[in-house]
Amino acid sequence: MSLFEILMLVCFGAAWPFSIYKSYRSRETAGKSIYFLWIIFAGYISGITHKLIFSYDAVIFLYALNGVMVITDIILYYHNKMINKQLKGV
């Protein structure tokens, strides 16, 4: 278990609740990149896979927690995109 890996995941993880809150409250997709979100999610899945195959330890929980927060933001992105389309009448 690496202290630096833990610190990296905690720092990244601290930002996701703010992003989710902004997505939820604004109901907008402006300022969000769905490609970026999917790439970040793929990175967390890769981290989980590495932990499962090569070095299973408690840090896997941080990868999973961050992954859940990113997928939540992804779901909100698509939800907000649908709302924006309905409001524009498209």
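None of the figures in this text is laboratory data; all of them are computed from the coordinates on show. Predicted, not measured: the structure shown is a model, and the values here were computed from it. We place every Cβ from the backbone using ideal geometry, glycine too, and count neighbours over all the protein chains shown.
Run the numbers on the chain and let me know its relative contact order in percent, using alpha-carbon pairs under 8 Å that are six or more apart.
Values: 69 pairs, mean separation 40.3, N = 90.
In percent, rounded to a whole number, it is 45.
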Q.
Let's test the formula: R0 of 30 Å, r as the Cβ-Cβ distance of Ala14 and Leu87. What FRET efficiency results, to the nearest 0.05?
A. 0.40
**Q.** Average projected area [Cα convex hull, the chain], square nanometres
**A.** 6.0 nm²
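Give me the extension gain from Tyr78 to Leu3: residue separation times 0.36 nm, minus the current Cα-Cα distance, reported in nm with one decimal.
Values: separation 75, 0.36 × 75 = 27.00 nm, distance 3.50 nm.
Stretched fully, the Tyr78-Leu3 segment lengthens by 23.5 nm.
Per 0.36 nm of contour for each residue apart, how much would the distance between Ile53 and Arg27 grow if the chain were fully extended, relative to their Cα-Cα spacing?
Values: separation 26, 0.36 × 26 = 9.36 nm, distance 3.87 nm.
Difference between extended and current length: 5.5 nm.
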